[in-house]
1. Being surrounded by fewer than 20 Cβ atoms within 10 Å (Cβ to Cβ), of a type outside the set (Ser, Thr, Tyr) and more than 25 Å from Gly530 (Cβ to Cβ): is that true of Glu114 here?
2. Only one of (1) without any contact (Cβ under 8 Å) to a residue 24 or more places away in the chain; (2) open to solvent by less than 60 Å² (accessible area, probe 1.4 Å); (3) among the charged types (D, E, K, R) is not met by Glu219, so which one is it?
3. Take the stretch 217-268 and flag every residue that is in contact with a Ser or Thr (Cβ under 7 Å, 6 or more places away or on another chain) and either modelled with pLDDT under 95 or charged (D, E, K, R) (or both).
4. Could you count how many residues in the stretch 597-622 are without any contact (Cβ under 8 Å) to a residue 12 or more places away in the chain and surrounded by 17 or more Cβ atoms within 10 Å (Cβ to Cβ)?
5. With respect to Thr562, determine if the residue is of a type outside the set (A, V, I, L, M, F, W, C), under 21 Å from Thr522 (Cβ atoms) and touching an Asp or Glu at 6+ places or on another chain (Cβ under 7 Å).
6. Among the residues in the stretch 506-516, are any over 26 Å from Ile49 (Cα atoms), touching a residue at least 12 places away in the same chain (Cβ under 8 Å) and of a type in the set (Lys, Arg)?
7. If you take the residues in the stretch 343-383 that are part of a strand (DSSP E or B) and among the polar types (S, T, N, Q), which one is surrounded by the fewest Cβ atoms within 10 Å (Cβ to Cβ)?
8. Only residues that are open to solvent by 40 Å² or more (accessible area, probe 1.4 Å), closer than 30 Å to Thr260 by Cα and either among the hydroxyl-bearing types (Ser, Thr, Tyr) or assigned to a helix (DSSP H, G or I) (or both): list them for the stretch 636-666, please.
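The values are calculated or read from the model by the stated rules, or taken from the named source; none is laboratory data. None of these values were measured; they are calculated from a predicted model. Glycine gets a Cβ as well: all are built from the backbone with ideal geometry, and neighbour counts include every protein chain shown. To get the accessible areas, we keep the full protein, side chains included, count just its heavy atoms, and leave off ligands, DNA and RNA. Shrake-Rupley method; radii C 1.70, N 1.55, O 1.52, S 1.80 Å.
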Amino acid sequence: MSHKGIYALAIAAILAVGCGEENKDDNAFAKAETTTADFDFTVGQFADIKILRYQIPGFEDLTLKEQKLVYYMTQAGLAGRDIMWAQNYRHNLEIRNALETIYTSDKVAKTGEEWEQFETFMKRVWFANGIHHHYSNAKMKPDFSQDYLKQLLAESGATLEGEAFEVLFNDKDSKKVNLAKDVDIVLESAINFYGPDVTTAEAEAFYDAIKVDENEPIEKGLNTRLVKENGKLVEQVYKSGGLYGEAIDNIIGWLEKAQTVAENEQQGKALGLLIEYYKTGSLDTWDDYCIAWATSTEGNIDWINGFIEVYNDPKGYKGSYETVVQIKDFDMSKKMAALSVDAQWFEDNSPLMPEHKKKEVKGVSYKTVIVAGEAGDASPSTPIGVNLPNNNWIRQTHGSKSVSLGNIINAYNNAGGSGRLKEFAHDAEEVELEEAYGQLGDKLHTALHEVVGHASGQINKGVGTPKETLKRYKSTIEEGRADLFGLYYLMDPKLQEIGLVEDWEKTGMAAYDGYIRNGLMTQLIRLELGDNVEEAHMVNRQWVSAWAFERGAKENVIEKVTRDGKTYFNITDYTKLRAIFGELLRETQRITSEGDYEAAKALVENYGVIVDQDIHKEVLARNSQFKSAPYSGFVNPVIVPQMEGEEITGFTIEQPESFENQMLDYSSKYGHLD
């Protein structure tokens, strides 16, 4: 069950609509934030992207051995950076190399409108790890002409020919992930998890034929590319000596260094299994690693590393390369342990059907961590909350780790503004609630979503996994289910009882206002006029909000208000809305537990996909006054070793001067698949 923080990105930083300043003495979350008054969190902005920086507070308090572990793990992550580019699209690396050669050439005249368009396109490609938009999945076409690109190629000596050149300007491979109804979602998706001639039916038949242990199933297909060789389907395995082997060998080298400075035996065991997995590609070893990692809870350093989230696979089998290196935030983790301790209470008191509740919620841990480095699917666009491992039987038997990326959240909050809030909020009371309680409500929703949302519920005996039963709707149903679990408990006095809020009612009200405002209106600023919603998390926010709006229409629980030609959505009864969220949570869990594909399809297609074009046109017009980009991402701080001969004696932390410099530096140092 996944948890990636595209979800979280949307909650904490979307639009900066609810990131107003709050009283930092009023809640546990804000007290833990560390803000350097003179630190510049903003690097720059282009197209629809804002680039931010983050700090690594506490790094200086680690021992030298711990600092080495952080450094080696960040280097291991960056060593696999090119894998994500290759996974996203088969021509990405070739295109990137040509564009970067042009960008750095001293033989090119870097002036004029078309050069500015080229620079913007280059930055967009860097940010997306390829030519498809990081969020919408749509192919990003250049504003400059084919003739201009040919001129730049000739002047710089770069090479880009055939399909790799043509695809920049034509309509081929227009969606990285295409989940539209009535299309062949594998064949029509440009993602490089399948050969370009592999169909959905062929992929389904191939993986259906792989028999796994019913009680402890491996994540079949997780670390492979499925292609046709001589007309027969075969898997190309990501491993040393296999697909992406050059990059993986470099990952292994850094992991072996990391193992020498492991903090304890269990951590060292986990690293050893991760190394063995990269060497062999064995999914049984991957499960052994996930168990060792999930149960390795001692030490100050942790990480996420591997082929993990399956959002980019239209069939939900194949994992994208992702790494995050983390340092514990001791103060915040202690405060948030309250949610983990009471995980069973939340399950027992939820509105789920009794037969769908877990009798024992195993080992859910939630910690706030400080990010020290990210790569692959987690960079430059990053999560703010993660819950792993994904394999459900491991989660149920051995537990999971759920983390909130505290310094990332802090950077978002310090780079935001409140202009959009005042434009789209119904009245002054809604603005005041958001400014006082919205940031805390967002953080609590993230925590509830990750800790008790994804961990809740169970599938009926004999029913397949959601990827098998719900198919293309698996991801959005799971994210909606976790959202609803969080929404239901955001208006519960239990949160105040366990010390997480000062005023549970006002915090919940602010969170409900923000969710409905976003789900029915403000997230539409991310779409082009005329588009429908396709990204799984945006889809789930719309179907949750639209279903609740319709369900409460008779009693006017959420009223649609038109004032001065502008539309607003105003919650008139928060208690009734909570009951509606509970009703939808119960139904969503039933869909998941019973594997009800038709009900999932009806919910998503009827409420989550189709955009009200009049509302969309209005939202875009109202938003045009704001210059802040709707999407944000990060450059990574650079951890620089201080050397005496061959020995590392310490480290300094340097902030990159620009997004462009870091991207070029990464290509130079970590371009292992060129």
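1. The answer is yes for Glu114.
2. (1)
3. Glu235, Lys239, Asp249
4. The number of residues fulfilling the criteria is 0.
5. Criteria not met by Thr562.
6. Yes.
7. Looking at residues that are part of a strand (DSSP E or B) and among the polar types (S, T, N, Q), I get Ser365.
8. Listed by number, the residues that qualify are Thr649, Thr652, Asp665.
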